[in-house]
Amino acid sequence: MSETNPLLEEQFQIPFDQIRAEHVEPAITELLTRAKKQLDELVSAPGPRTWQNTMEALDHFADPLEYAFGIVKHLESVATTPELRAAFNKAQPEVSAFFSSLPLNDALWRAVRTYSETDQAKALTGTRRRFLTKTVDNFRRHGAELDPAGKKKLEAMDVELTTITTKFGENVLDSTNSWELTIDDEGNLAGLPPSAVDAARASAASKGRSGWRFTLQGPSYVALMTYLDNREIRREAYLAQTTRATTGEHDNRPILARILELRRAKAALLGFEDFADFVLVDRMAHKGAHAEEFLASLREKTEAAFESENRELEAFAGAKLDPWDVGYYAEKQRKELYDFDEEELRPYFPLESVVRGMFEIVGRLYGVRVVERTGVPAWDSAVKYYEIRDERTDALYGAFYTDWYPRENKRGGAWMDSLITGLIHGDIWHPHAGLICGNLTPPVGDKPALLTHRDVETIFHEFGHLLHHCLSQVEVRSLAGTSVAWDFVELPSQIMENWCWEREALDLFARHYETGERIPEELFRKMLRARNFRAANAQMRQLSFGFVDLALHRHYDPAGDGDAVAYSREILQRFSASPLPPNHAMIASFTHLFANPVGYGAGYYSYKWAEVLDADAFSRFRHEGIFNRRTGMEFRTRILQRGDSEDPAELYRSFMGRDPDPNALLERNGLLTQ
Ligand SMILES: [Zn+2]
């Protein structure tokens, strides 16, 4: 050996400055071999099955592989090179095939089942009990107890689902791209903002054409529907958008029918009532019926405000509106009512001061100190490194990197990721490590980076995920930190956003970068009022998607209900402010639900579910004080520290003393009293 491979040895301060693309392949190959060997040792352990030789071994056998692969994946997203990308793309299929083969591994299943039948297993409590139960359930949900014919059937269904859901997504992409509209007469551009006109001009030029080219891609389509005065063109674009993937070679209608059929059959084969119950069994909602009741109660409380918003808009427009008119008139109404320009807030949000204020807030609430440390190796000179320590004992809970600005070698968006999951070993606490990344507006000239309010919320959001990871105190690694149910994971992140709307919190960090003055009261009030403009319509739209999703995965029966597109249209109509056209087929391009074997299928309700959780949990801070240490410590010890060590519904109750109450969300949206 000439040189040690930095990916082979787990180190708390990751030597990012030493890791190179050529380390990836040998390290991953070696660590896969070691993980397989560990797995063999687990299944062939001599003597009786114990917690240690079965569950603890299962929890840790692949730690070094996950550590190394996590770093590689992270570097590929923040500091990619052609060599690194090639090495990552080569390693990835092998690593994911290895992990997805585990629930189908018969010998491993026998080891777990044998252990689960021991007296020791039967006496387990708390986190250990939960880990065993979840592991056994997970094997069963992957067909571990089916007979050989059943297993074959399940495998064939999964293969077909993977293929046709991929095809579903491709059809949406292709049919989206196949539509375009070029405007040659400048007069027809009336209403569009200059940025949209410039983009359309550039789009036409990129195709070697004159005029202004529009497509169904998000920014282009939204600009047309929001601003364009020409109603006929808006209508044409709307009809194209809502009939995508319904004709010719891109027709998703037969695929949609088949996906629903396969999902029904799969749920039945595994002993579930329907696909929603199969998907939700390990989520906070547990049952499709529960998720549906949740949506229904929100709908009931939103309807009156929805109708009055629609009446007000029609009165404003002076006409009955079609779907291609709604966004257009709503924008005109918004301007007339608020005249609020989000850019006015930017000077009050210099990045450094936002981040410092955020650390101050969590310090007050959770009894921690966040301290920057310099001289730690990172992947880019723009990266900063911080430690989260106990304010009194100075104990290190975890450390994290921040990387806020865009670069050419970095992917878009904002995200949090974990690098090391800490745990107690012997008596020694090994801390967590993680990161948060964004793509915020970088500083220009000698001005600091000035953020939008949405950017500020994003930073708080990702830091909430990071705290969930770094403050975790769970003895089972697989249940630690953010490894929680899908409809629970956004609670720690979304709740943080609430502090960005509180005067007292904003005054800590929102200071004009030149004058140091606070956000003027009038601007603050405009910002609050604009937040809830047409909130009922926004909510009904999300509810309609949640309802159609659950209806298709719980109630829809092709024999009695006929065509799934017409069935879905009929449901969506009940939530629409205006009559949907007869060929409306939005469901045929709904990739959230159908472009993955599971994806958001039967899970679309989670968006609203998570909003209810964060609004409701934050109501305790509102009542008891947004900097109340006791409330903060309870949130920390009952939610943030607990990961998935207990049923999330129990964790929630332990903090709130009751089940979630949707009224807090309605109140925040300004929908409670109307
Ligand atoms: Zn999130």
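The values are calculated or read from the model by the stated rules, or taken from the named source; none is laboratory data. All of these numbers come straight from a predicted model, not from anything done at the bench. Note that each Cβ is placed from the backbone with ideal geometry, even for glycine, and that neighbours are counted across all protein chains shown.
Screening Ser195 on (1) closer than 30 Å to Thr226 by Cα; (2) at pLDDT 95 or above; (3) among the hydroxyl-bearing types (Ser, Thr, Tyr) shows it passes everything except condition (2). Scanning region 373-394 for residues being surrounded by fewer than 18 Cβ atoms within 10 Å (Cβ to Cβ), free of Cβ contacts under 8 Å to residues at least 60 places away in the same chain and assigned to a loop (DSSP other than H, G, I, E, B) gives a total of 8.
Checking region 607-616 against the condition returns no match, with no residue being within 30 Å of Arg253 (Cβ to Cβ), under 17 Å from the mean Cα position of the chain (by Cα) and β-branched (Val, Ile, Thr). Within the set Leu262, Leu224, Leu228, the sole residue that is over 25 Å from Tyr328 (Cβ atoms) and either hydrophobic (A, V, I, L, M, F, W, C) or in contact with a strand residue (DSSP E or B) (Cβ under 9 Å, 6 or more places away or on another chain) (or both) turns out to be Leu262. Name the residues in region 627-660 that are assigned to a loop (DSSP other than H, G, I, E, B), surrounded by 15 or more Cβ atoms within 10 Å (Cβ to Cβ) and either of a type outside the set (S, T, N, Q) or at positive phi (or both), would you? Correct list: Phe627, Arg642, Gly643, Asp644, Glu646, Asp647, Pro660. Among the residues of region 255-286, just one is among the basic types (Lys, Arg) and within 21 Å of the chain's Cα centre (by Cα), namely Arg283. Residues in region 471-497 that are within 14 Å of the ligand (Cβ to nearest atom) and part of a helix (DSSP H, G or I): Leu491, Pro492, Ser493, Gln494, Ile495, Met496, Glu497. When Val598 is tested against (1) under 21 Å from Glu490 (Cα atoms); (2) modelled with pLDDT of 95 or more; (3) among the hydrophobic types (A, V, I, L, M, F, W, C), only condition (2) is not met. Taken over region 474-500, residues that are in contact with a Pro (Cβ under 7 Å, 6 or more places away or on another chain) and either surrounded by fewer than 23 Cβ atoms within 10 Å (Cβ to Cβ) or without any contact (Cβ under 8 Å) to a residue 24 or more places away in the chain (or both) amount to 1. The listed residues are Asp557, Asp563, Asp549, and the only one of them that is among the acidic types (Asp, Glu), within 24 Å of Asp174 (Cβ to Cβ) and surrounded by fewer than 23 Cβ atoms within 10 Å (Cβ to Cβ) turns out to be Asp563.
Only residues that are more than 16 Å from the ligand (Cβ to nearest atom) and within 17 Å of Leu75 (Cβ to Cβ) were counted across region 412-431, and they come to 2. Counting only helices (runs of 4 or more DSSP H) that sit wholly inside region 215-302, those with at least 2 residues that are farther than 30 Å from Lys153 by Cα and hydroxyl-bearing (Ser, Thr, Tyr) are 218-227, 231-242. If you go through region 1-33 and keep only what is closer than 15 Å to Pro64 by Cβ, touching a residue at least 12 places away in the same chain (Cβ under 8 Å), assigned to a helix (DSSP H, G or I) and more than 32 Å from the chain's Cα centre (by Cα), you end up with Pro26, Glu30.
Evaluating Pro443 against the criteria (1) modelled with pLDDT under 95; (2) within 16 Å of the ligand (Cβ to nearest atom) leaves one unmet condition, (2). Among the residues that make up region 328-347, is at least one of them surrounded by 13 or more Cβ atoms within 10 Å (Cβ to Cβ) and either at positive phi or in a strand (DSSP E or B) (or both)? Within region 328-347, not a single residue is surrounded by 13 or more Cβ atoms within 10 Å (Cβ to Cβ) and either at positive phi or in a strand (DSSP E or B) (or both).
Just to verify a result, which residue in region 514-548, among those that are in contact (Cβ under 8 Å) with a residue 60 or more places away in the chain and in contact with a Ser or Thr (Cβ under 8 Å, 6 or more places away or on another chain), is farthest from Asn310 (Cα to Cα)? Restricting to residues being in contact (Cβ under 8 Å) with a residue 60 or more places away in the chain and in contact with a Ser or Thr (Cβ under 8 Å, 6 or more places away or on another chain), the top hit is Leu543. Of all residues in region 507-530, none satisfies being of a type in the set (Ser, Thr, Tyr) and within 16 Å of the ligand (Cβ to nearest atom).
Is at least one residue of region 211-223 under 17 Å from Thr176 (Cβ atoms), surrounded by fewer than 19 Cβ atoms within 10 Å (Cβ to Cβ), out of contact with any Pro (no Cβ under 8 Å at 6 or more places or on another chain) and aliphatic (A, V, I, L, M)? Yes, the conditions are met somewhere in region 211-223.
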